[in-house]
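*Asks:* Before we start, here is the structure in question, set down as structure tokens.
The values are calculated or read from the model by the stated rules, or taken from the named source; none is laboratory data. Owing to the predicted nature of the structure, the values given are computational and were not obtained by experimental measurement. Using ideal geometry, Cβ is built from the backbone for each residue, glycine included, and neighbour counts are taken over all protein chains shown. Side chains included, ligands, DNA and RNA excluded: accessible areas come from the protein's heavy atoms. Shrake-Rupley method; radii C 1.70, N 1.55, O 1.52, S 1.80 Å.
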Amino acid sequence: PPPFLAPSPSPAPAPAPAMAAPPPPLMTPSAPAPASPETPGLLEPAAEKKEELLSLDDSLLNALMAPTPQPPPQPEPSPARGGNAAALLPPRTAVPVPGRPQPARRGLLRRPVFWGAVAGLILLVAAGLGAFWYFKLRPETKTAASLAPRPAGPPKRPAGERLDEALTWFAQGEDNRARLALESFTPDDQAALSPARCRTLRALEETLAILALENLPQDLSAGLAQGDLGRLRMAVKAGEGVELSPEVVQTYERAKNVVEIYEQARTAAKEKKTEDVLERFASLETLLPALSDPEDLRNKAAVDVESKAEGLARQAKYDQALTLLDPLILTWPDRSGLKERVGAYETAKENEPLQERLLAQLPTAERRKKPHEGLEAIAEVEPTPHLAPRFAEMKKRFEEQLAALDRQPPQVILRDGYFLEYARGTVHELSFRVSDDYLVREVKFHARPQGGRMRELPLEVSRTGYYTVQISPDVHQNGPVEFYVEAVDFSGHRGSFGTEDRPQVLNRQQGFNRIVR
């Protein structure tokens, strides 16, 4: 039969003799049979390999080409099995059969080098997909580090806003504040700026560095005299690694010592060591006549100590609160409000038992429906930090009970038998009945003669709830008298007989009217 491909133009190996060793058995097709003169036109194994590798490069062809191993000699078959007829049969893979699917040709796909490359490529792709899944698509795992609370702090302002602030300080001549504003810049902040803004930032930093070196002697002297820690810090930083004149060296060393203590205070503040911060500032206060804290570190440490002491005081742990304030008392005794705080804790420690007994008695007024008594008792007490919530709760309950009992304002009425007329030169008496749906707290009587000013006159209160006033001649002066009565209950409601703007009038009787009456 005709071959699959045309014979290769390259020279084929020399044909074997006609009576060469028999081919391997038909069930072992992996060892090709040698060429035979009885099978001209069949594609030999070497020729088949060359035909498949024609499209490859010559260098790759030379690397892949290898001599075909000769099959081991086989025993000569017996004549009963067909004798030498097996030598005339072509290999099964060499004869095409019309209408039947042909087996794939063997060549490059059977090389170990090819399959090794494919396996390596698969491993690389798998590793890439695994890395992509791990870093991008895997679900986030909450570890202990991710669950740990992050330190709270104010949000960082945008880099552009801080750069504008530094430029503003620089324009106003506040070089130290401008340097302090630029200290917080990080590479990420610079990456957030545009190229033009980055050049502005670099130019400002270089300018400030030059000015700091030029003004070094003045900054050192002024910083030590004024106790300006921010100015000293920037001056010491500008003088690092610079050869200074002998008259400046001594001042620089003194400033450097101050700045080192200040840096220790800053480090302690970052580590939340408030006592160390207070101690460092106490040392700085002895070195500098006037001390200024640009970052307010000392005040923040003091506030932290005071807040912790207040928490202990609210738990009635007054001794522990006072002990906690001891470092603040030793290092900053003249702090504003510190003495008052200590005195309040000592007083609260003494008043705690008395106020406990009062709280035990207050529910009695609530049961008797006398909320005004409970409110009056509470008003006279300065609650301790520990008992303040309980007093506030009792006050709220009394106010709610009073609001339910006392809804209407007081009523003030002139009693029967009393008239708004008096006889010349006599003492006139007026009496009023004052009532309320709960209780009346106070009643006041105000009067003035014609053309005079209002003044309060005393009232006499009877057991039946009547309020009586006497108007003498030195008050009415035998002329008209303007007056009004005002009553207030315990809820603050007000009732009146007349008002300051529209008062009632007490007139003198005329002779004819007196005779008629």
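*Asks:* Which one of Ala360, Ala316 is under 30 Å from Arg397 (Cβ atoms), out of contact with any Lys or Arg (no Cβ under 8 Å at 6 or more places or on another chain) and outside any helix (DSSP H, G or I)? Spell out the reasoning first.
*Replies:* Working: Ala360 fails: outside any helix (DSSP H, G or I).
Step by step, each of Ala360, Ala316 is checked, and only Ala316 is under 30 Å from Arg397 (Cβ atoms), out of contact with any Lys or Arg (no Cβ under 8 Å at 6 or more places or on another chain) and outside any helix (DSSP H, G or I).
*Asks:* OK, next. For the range 176-230, what are the residues that are outside any helix (DSSP H, G or I) and not hydroxyl-bearing (Ser, Thr, Tyr)?
*Replies:* Glu183, Phe185, Ala192, Leu193, Asn215, Gly227, Asp228, listed by residue number.
*Asks:* I'd like to verify a number: residues in the range 443-471 that are crowded, with 18+ Cβ neighbours inside 10 Å and without any contact (Cβ under 8 Å) to a residue 24 or more places away in the chain, how many?
*Replies:* 1
*Asks:* Additional query: Consider only pairs whose beta carbons are under 6 Å apart and that are at least six residues apart or on different chains; among these, list those whose first residue lies in the range 198-210 and is in contact (Cβ under 8 Å) with a residue 40 or more places away in the chain and whose second residue is in a helix (DSSP H, G or I) and open to solvent by less than 60 Å² (accessible area, probe 1.4 Å).
*Replies:* Pairs that qualify, where the first residue is in contact (Cβ under 8 Å) with a residue 40 or more places away in the chain and the partner is in a helix (DSSP H, G or I) and open to solvent by less than 60 Å² (accessible area, probe 1.4 Å): there are none.
*Asks:* Go through the range 200-214 and give me each residue that's at pLDDT 85 or above and either surrounded by 13 or more Cβ atoms within 10 Å (Cβ to Cβ) or among the aliphatic types (A, V, I, L, M) (or both).
*Replies:* Those that are at pLDDT 85 or above and either surrounded by 13 or more Cβ atoms within 10 Å (Cβ to Cβ) or among the aliphatic types (A, V, I, L, M) (or both): Thr200, Leu201, Ala203, Leu204, Thr207.
*Asks:* Collect the residues in the range 215-242 that are over 18 Å from Pro289 (Cβ atoms), open to solvent by 40 Å² or more (accessible area, probe 1.4 Å) and among the hydrophobic types (A, V, I, L, M, F, W, C), keeping them in residue-number order.
*Replies:* Val242
*Asks:* Considering the range 409-459 alone, what residues qualify as being of a type in the set (Ser, Thr, Tyr), part of a loop (DSSP other than H, G, I, E, B) and within 15 Å of Val481 (Cβ to Cβ)?
*Replies:* Listed by number, the residues that qualify are Tyr418, Thr426.
*Asks:* When the residues of the range 345-372 are filtered to those that are touching a residue at least 12 places away in the same chain (Cβ under 8 Å) and aliphatic (A, V, I, L, M), which remaining residue is most open to solvent (accessible area, probe 1.4 Å)?
*Replies:* Residue satisfying both the conditions and the ranking: Leu358.
*Asks:* Might you check whether a residue that is assigned to a helix (DSSP H, G or I), in contact with a Cys (Cβ under 9 Å, 6 or more places away or on another chain) and either open to solvent by less than 70 Å² (accessible area, probe 1.4 Å) or at pLDDT 85 or above (or both) occurs anywhere in the range 145-160?
*Replies:* Checking the range 145-160: not a single residue is assigned to a helix (DSSP H, G or I), in contact with a Cys (Cβ under 9 Å, 6 or more places away or on another chain) and either open to solvent by less than 70 Å² (accessible area, probe 1.4 Å) or at pLDDT 85 or above (or both).
*Asks:* Report every pair of residues separated by at least 6 positions or lying on different chains whose Cβ atoms are under 8 Å apart, first residue within the range 472-499 and on the phi > 0 side of the Ramachandran plot, second among the β-branched types (Val, Ile, Thr).
*Replies:* So the pair list comes out as Gly498/Val485.
*Asks:* If we keep just the residues of the range 494-515 that are open to solvent by less than 60 Å² (accessible area, probe 1.4 Å) and farther than 23 Å from Pro458 by Cβ, which is modelled with the lowest pLDDT?
*Replies:* Filtering the range 494-515 for residues that are open to solvent by less than 60 Å² (accessible area, probe 1.4 Å) and farther than 23 Å from Pro458 by Cβ, the one modelled with the lowest pLDDT comes out as Gly511.
*Asks:* Continuing with this model, one more query. Taking Val277, is it part of a helix (DSSP H, G or I), more than 24 Å from Leu338 (Cα to Cα) and open to solvent by less than 30 Å² (accessible area, probe 1.4 Å)?
*Replies:* No: the conditions fail for Val277.
*Asks:* Still on this structure, I have one more. I'd like the residue in the range 373-426 that is surrounded by 15 or more Cβ atoms within 10 Å (Cβ to Cβ) and of a type in the set (Ser, Thr, Tyr) and, out of all such residues, is farthest from Val469 (Cα to Cα).
*Replies:* Looking at the filtered set, the residue picked out is Thr384.
*Asks:* Residue under question is Gly425, and the condition is that it be of a type in the set (Gly, Ala, Ser) and over 20 Å from Glu500 (Cα atoms); does it hold?
*Replies:* Spelling it out, Gly425 is indeed of a type in the set (Gly, Ala, Ser) and over 20 Å from Glu500 (Cα atoms).
*Asks:* Specify which of the listed residues (Thr207, Thr200) is of a type in the set (Val, Ile, Thr) and closer than 17 Å to Ser184 by Cα.
*Replies:* Values: Thr207 fails: closer than 17 Å to Ser184 by Cα.
It is Thr200.
*Asks:* Given the conditions (1) at pLDDT 90 or above; (2) touching a helix residue (DSSP H, G or I) at 6+ places or on another chain (Cβ under 6 Å), report the number of the one that Gly343 does not fulfil.
*Replies:* So the condition that Gly343 fails would be (2).
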